[in-house]
Amino acid sequence: MDIADYNARWLNAWTDKDVDALCGFYADDCVYRDPQTAGGLSGQAALRTYLTGLFAATPAMTYTPDETWPIPGGFCGRWYCEIEGGGRLRGFDLVILDGERIALNEVYVHQMPA
């Protein structure tokens, strides 16, 4: 698998706020964690509900891949996000794969100075 290509396509689905496309990247029994989900989410149905609400409540965001590197069972990726109306984030994903679908995704993010 070309992890840089996979990561770019996945981040593009985040930019597009495409819940169906994003869920296609995740395993049915995935575990997802980000700063907004303190205990994490289990399963694609919970992830779908979360993403639908998140995308309705947030402005347009453009995710740009920065770097990826393989790890046993998956990859890590660093990215930047430009927020419509101002603001910039830098994030890091830990991705563990089950075949070509994400079994575990832990997201770490912080705001960049203006």
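Filtered by the rule that a residue be of a type outside the set (D, E, K, R) and outside any strand (DSSP E or B), the stretch 59-98 gives Pro59, Ala60, Pro72, Gly73, Gly85, Gly86, Gly87. Residues considered: Ala46, Ala38. Of these, the only one that is of a type in the set (Gly, Ala, Ser), assigned to a helix (DSSP H, G or I) and without any contact (Cβ under 8 Å) to a residue 60 or more places away in the chain is Ala46. For the stretch 10-35, the set of residues classified as surrounded by 14 or more Cβ atoms within 10 Å (Cβ to Cβ) and part of a strand (DSSP E or B) consists of Tyr26, Ala27, Cys30, Val31, Tyr32, Arg33, listed by residue number. How many of the residues making up the stretch 34-68 are closer than 13 Å to Cys81 by Cβ, in contact with a Phe, Trp or Tyr (Cβ under 6 Å, 6 or more places away or on another chain) and among the polar types (S, T, N, Q)? Going through the stretch 34-68 one residue at a time, the tally reaches 1. Within the stretch 49-58, the set of residues being assigned to a helix (DSSP H, G or I) and either touching a helix residue (DSSP H, G or I) at 6+ places or on another chain (Cβ under 6 Å) or among the polar types (S, T, N, Q) (or both) comprises Thr49, Leu51, Thr52.
The set of residues from the stretch 21-41 being out of contact with any Lys or Arg (no Cβ under 9 Å at 6 or more places or on another chain), at pLDDT 95 or above and aliphatic (A, V, I, L, M) comprises just one member, Val31.
The values are calculated or read from the model by the stated rules, or taken from the named source; none is laboratory data. Quantities reported herein were computed from a predicted structural model and do not represent experimental measurements. Glycine also receives a Cβ, built like all others from the backbone with ideal geometry; neighbour counts cover every protein chain displayed.
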